[in-house]
Amino acid sequence: MRERQVSQGAGRARDFEAFVAGAAGRLLHAATLLTAEAPHDNPRARRLLTYAFAHTYACWDRMRGEDPYDRTRQYLAVRFARGAWHQYGGLGRARPHPGSALAVLTPQQRLIMVLRLYEGVGEEQTAALLGLPTERVHAICDRATATLLHPPRKPAPTVAGRKVVPS
């Protein structure tokens, strides 16, 4: 009996390692887009992905036919949304990297854009995952797309209280 449990545990570990090897790159990129960090310097994205993989591993035996990639992506999104509320909504500590393409977006807009456009999750699924109406997800996605296509203008530089007008 004990030998069978050990062999099942080894098989479980092998299966999970194979899943991580195949999914880690794409999920890390998604996490990096969510946190709007630089691709080469992304400690929050790595921590977020580690939590998501740990959660998936803890649920591995109970997944019975469920896609582990979907489960991990779902946890990644929910964990980011929960963490963004505390970081941006309350204390505002962790700000996006200014060089990130998605830095101009709010955390909610980044989350919806990553799920919808990068991961290809349907509008209804995204709405259900985030607990929002489908129309709200659509509106946020449209607004985020418009922001990315037409970023807000930076204020004109000033010198001693006067605007500098380029000639």
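Amide H contacts of Ala38 (H built 1.01 Å from N, in plane; Pro and chain starts excluded): His97 sit under 5 Å, all sequence-distant by 5 or more or on other chains.
Subtracting the Cα-Cα distance of Glu124 and Ala18 from their residue separation scaled by 0.36 nm leaves 35.1 nm.
Full extension of the segment from Glu66 to Ala146, taken as 0.36 nm per residue of separation minus the current Cα-Cα distance, would add 25.3 nm.
Peptides 33-45, 60-72, 121-133 ranked from most to least packed by the mean count of surrounding Cβ atoms within 10 Å: 33-45, 121-133, 60-72.
Read-outs: derived from the displayed coordinates by stated rules, not from any lab. Everything numeric here is computed off the predicted structure, so don't read it as measured data. Note that we place each Cβ from the backbone using ideal geometry, even for glycine, and neighbour counts take in every protein chain shown.
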